[in-house]
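Notes to accompany the following structure.
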Amino acid sequence: MVEFLQSRGLDGASVLEIGGGIGEIQLELLKRGAERTINLELSPAYEHEAARLIREDRVEAQVDRRLHDIASDPAAVEPVDIVVLHRVVCCYPDYERLLTAAGDHARRLLVFSHPPRNVLSRTLVGAQNLGLRLLRREFRTFAHPPPAMLAVLEQHGLRRTFAHRGIPWQVAGLER
């Protein structure tokens, strides 16, 4: 993901990372030339470690971390040059709403990872969700159809120019 973005130009770029956890990708993009980053999370669980890493890299003035659901309230976040979604679409039930918001916020580039949608991944997701249900947890995972996810982004003016098929994650890079 980082290599794709760097190959398209990071110097001076603004970055929005949706579901960025502790922010490893955004910190790497700052090291490689991005100017500023916004990280949106749904859970405060990552904030302590993220703050430590930001201080360690001395980039406090360049990083904005927020607890915010962009799919529910896209207007509260300004558009940026680059949007990153790593291992997050599979955690969100309404991929259309999430990717619509993400696509509308990407002025230049968007990159996202997702599990493949095949018998194995759907079986693993089903087993994981059964375990979560038995533990009485609300969280669920999803193996959304990749062609449908790409179609949402294409409807918002982005076109895929990069694809990587890894195990278990696949990566799609799109440009405006």
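Quick look at the values:
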item: Check on residue 61, within 23 Å of residue 14 (Cβ to Cβ) and either surrounded by fewer than 16 Cβ atoms within 10 Å (Cβ to Cβ) or modelled with pLDDT of 95 or more (or both); result: yes
item: Single unsatisfied condition, residue 92 versus (1) farther than 25 Å from residue 7 by Cα; (2) out of contact with any Leu (no Cβ under 7 Å at 6 or more places or on another chain); (3) modelled with pLDDT under 95; result: (2)
item: Within region 65-176, helices (runs of 4 or more DSSP H) holding 1 or more residues that are under 26 Å from residue 28 (Cβ atoms) and either open to solvent by less than 50 Å² (accessible area, probe 1.4 Å) or not charged (D, E, K, R) (or both); result: 95-105, 146-155
item: Output for region 97-129, where each listed residue is more than 23 Å from residue 71 (Cα to Cα) and modelled with pLDDT of 85 or more; result: none
item: In region 1-45, the residues that are outside any loop (DSSP other than H, G, I, E, B) and surrounded by fewer than 14 Cβ atoms within 10 Å (Cβ to Cβ); result: 3, 7, 31, 44, 45
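The values are calculated or read from the model by the stated rules, or taken from the named source; none is laboratory data. Here the structure is a predicted model, which is why all the values come from computation and not from measurement. Glycine gets a Cβ as well: all are built from the backbone with ideal geometry, and neighbour counts include every protein chain shown. Heavy atoms of the whole protein, side chains included, go into the accessibility calculation; ligands, DNA and RNA do not. Shrake-Rupley method; radii C 1.70, N 1.55, O 1.52, S 1.80 Å.
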